[in-house]
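Worksheet for the structure shown next.
The values are calculated or read from the model by the stated rules, or taken from the named source; none is laboratory data. A quick note: this is a predicted structure, and the numbers were derived from the prediction, not measured. Virtual Cβ from ideal backbone geometry, glycine too; neighbours counted across all protein chains shown. In case anyone asks, the SASA skips ligands and DNA or RNA and just uses the protein heavy atoms, side chains included. Shrake-Rupley method; radii C 1.70, N 1.55, O 1.52, S 1.80 Å.
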Amino acid sequence: MTTMMLGRVRIDRVLEHELATRPPTQMFPGMDPAGWQAQRSWLAPHYWDPATDLLQTCVQTWVLRTDSETVLVDTGIGNGKSRPALPAFDGLGTDFLDRLRAVGVAPEDVTVVVNTHLHADHVGWNTRLDNDEWAPTFPNATYLVPRADYEFWHPDAASRPRIGNANDNVFTDSVLPIEHAGLLRLWDGAHQVTGDLRLELAPGHTPGSSVLVLESGADRAVFVGDLLHNPIQIHQPDVNSCFCEDPVAARVSRRRLLAWAADHRALVFPAHLRGGLAAEIERSAGAFAVKKWGFTT
Ligand SMILES: [Zn+2]
């Protein structure tokens with residue numbers, strides 16, 4: 001199933017790329033190995049390959065359609081981007097826009113782009129090459145960017161990211177062209193996108209990391225971006241990825257959002273999970289557990 005209705009909102013998943021990344025101990029340096037062992041039977045094969053000990057991940061965009069708006073949540077890696085520090089993202093050439101069209105959305109139809117944060121794999125399709133210049137892929141959209149990330153990742157900022165040079169070029173090729181085209185809108189704190197959709201800050205992974213909350217009719221969901229890279233972080237919510245800029249804040253945000261989701265029966269939609277894509281979760285022994293997977297492929 002690739003389409004789901006929650007309240008008045010139609011949700012489609014558009015996959016951009018699937019890849020094997022790194023061993024769990026490298027991706028999650030603070031993880032309890034015994035906790036991983038306890039879950040490994042269901043983490044394989046979608047989330048982890050026992051033969052190679054590599055995590056399995058994907059990059060995807062959520063397409064949300066309301067009566068009046070077509071919203072993209074995160075825009076993946078993009079085509080033809082120069083990512084010298086990230087070989088897996090460098091110079092991709094996928095048919096992402098065809099896949100978007102396959103769910104009935106042409107680039108011109110998109111009215112809102114949400115970048116949950118400004119990492120390379122969340123802003124890539126913001127732009128595409130047009131006569132050797134980076135131009136907005138979605139010319140009729142307002143691009144919503146958390147101000148804290150804009151200020152942190154701006155090339156003129158004095159920031160010293162923990163991830164080093166992994167985000168090099170990203171701002172220049174995927175954010176500045178949007179600003180120059182007059183399509184960028186920065187937001188602080190929280191931002192109501194439509195009657196059913198609200199952005200909230202959930203800092204830690206990056207200073208401006210955010211989540212999109214859906215409340216429509218009796219249904220609730222939260223699109224958590226990189227609060228989760230693997231479902232082990234539902235069972236061990238204090239486990240950060242090696243890409244989290246502020247480990248303490250990242251843990252606080254993850255626990256806060258997972259608790260809200262468990263208490264409100266909200267489906268959790270992460271950015272990078274293969275297999276079961278959206279999780280209904282419950283509280284379990286001071287942490288959380290997956291009660292049921294929705295939106296499976
Ligand atoms: Zn990511």
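A few comments on the model shown:
- Each peptide among 12-24, 248-260, 138-150 gets the average number of other Cβ atoms lying within 10 Å of its residues, and from highest to lowest they stand as 138-150, 248-260, 12-24.
- Listed residues LEU199, LEU267, LEU100, most fluctuating in the chain (Gaussian network, C-alpha, under 10 Å): LEU100
- Between GLU282 and THR3, the contour length at 0.36 nm per residue exceeds the alpha carbon distance by 98.1 nm.
- Take the Cα of TRP260, step 7 Å toward its Cβ, do the same at ALA85, and the gap between the two points is 3.0 nm.
- Other residues lying with their Cβ under 10 Å from the Cβ of TRP134 contribute a combined charge of -2, Lys and Arg counting +1, Asp and Glu -1.
- Solvent-accessible surface of the chain, averaged per residue with a 1.4 angstrom probe and all protein chains in place: 40 square angstrom.
- The simple spin-label model puts a point 7 Å past each Cα toward its Cβ; for ARG198 and SER68 those points are separated by 1.8 nm.
- Efficiency of FRET from Cβ geometry, VAL252 and SER41, R₀ 30 Å, rounded to 0.05: 0.50
- In sequence order, region 210-215 has phi-based couplings of 9, 10, 10, 9, 10, 9 Hz under the Karplus curve 6.51 cos²θ - 1.76 cosθ + 1.60, θ = phi - 60°, and Gly or Pro positions carry x.
- Net length gained if the chain between ALA289 and ASP95 were fully extended (0.36 nm per residue, minus Cα distance): 66.3 nm
- Here the accessible area is traced with a 1.4 Å probe on the protein chains. For region 24-79, carbon and sulfur cover 52 percent of it.
- Per residue, the convex hull around the alpha carbon atoms of the chain comes to 123 Å³.
- Each Lys and Arg contributes +1 and each Asp and Glu -1, all at the Cβ; summed about the Cα centre of region 126-229, the dipole is approximately 260 debye.
- For ILE77, residues with placed amide H under 5 Å, excluding near neighbours: GLY124, TRP125
- Distant alpha-carbon pairs in region 136-229 (separation over 19 angstrom), percent: 48
- Cα centre as origin, Lys/Arg/Asp/Glu Cβ charges: region 234-297 dipole, Debye: 180
- Antiparallel content of DSSP bridges confined to the chain, in %, to 5: 75
- Rel. contact order, % - alpha carbon contacts under 8 angstrom, at least six apart, the chain: 17
- If you plug the beta carbon distance of HIS154 and ASP109 into 1/(1 + (r/R0)^6) with R0 = 41 Å, you get a FRET efficiency near 0.85.
- Calculated mean residue ellipticity, 222 nm, the chain: -5500 deg cm²/dmol, from DSSP H runs (n ≥ 4) at -39500 (n - 2.57) each, averaged per residue and rounded to 500.
- Segment ASN131-ARG162, length gained on full extension (0.36 nm per residue, minus Cα span): 7.7 nm
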